[in-house]
Amino acid sequence: MLFCGIDLHSNNSFIVIIDEDDRVVYGKRHANSMVEILEAMVPYQDEISGIAVESIFNWYWLIDGLQEQGYSVHLVNTVAVKQYDGMKHRGDESDAKHLAHLLRLGLLPEGYIMPKDRLQCAIWRESACNWYSNAVRGLLRSNRRCSVILEHAPTATRSNN
């Protein structure tokens, strides 16, 4: 039985596959290309029991592609992984191996993988919430600026004519 960890970045991924004794049987950096990543896993496909994917902003395409190929995929809750407390480990290979190790031990803190048919709605809702939050933040900033200007403005006097 083999376990895979993928340290995902914006334009590349480091893949590590370990055996039941934590020995690395495969470790290499790949471009973020579904074809390239799947080709790298083909020799191990029948033995891989699960794949732990680091959850960063661009994980959707990778999770979807791996699930479509029949892999058991686990989205890592990086906030809950002790290694990520304050700093990352020594490098991408080490991070990917650590994810595979946690998966092997059954200690991997996981995030929720939303079903593909509901994902677009969630992305839209998140975008709308971000827009609204930014708009409110902008209004509050403008309000603070107006308050500062008014505090420092000379007081107008009314003439009694």
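Take the Cα of ARG141, step 7 Å toward its Cβ, do the same at ALA80, and the gap between the two points is 3.5 nm. With each label modelled as a point 7 angstrom along the Cα→C-beta vector, the ASP117-GLN67 pair spans 1.2 nm.
When Lys and Arg each count +1 and Asp and Glu each count -1, what net charge do the other residues less than 13 Å away from SER55, Cβ to Cβ, add up to? Summing Lys/Arg as +1 and Asp/Glu as -1 gives -4. For the pair segment 134-153 and segment 2-60, the centres of their Cα atoms are 49 angstrom apart. The coefficient of translational diffusion for segment 2-105, derived via Stokes-Einstein from the alpha carbon Kirkwood radius under 20 °C and 1.002 mPa s, stands at 160 µm²/s. Modelled label positions at TRP131 and TYR44, each set 7 Å beyond Cα in the direction of Cβ, lie 4.2 nm from each other.
Cross-link partners of LYS28 among aspartates and glutamates, defined as those whose alpha carbon lies under 13 angstrom from its own and excluding same-chain residues fewer than eight positions apart: ASP7, GLU36, GLU39, ASP92, GLU93, ASP95.
Just so you know, all these numbers are worked out from the coordinates, no wet-lab data involved. None of the values given here were measured: they were computed from a predicted structure. With ideal geometry, Cβ positions are generated from the backbone for all residues, glycine too; neighbour counts draw on all protein chains shown.
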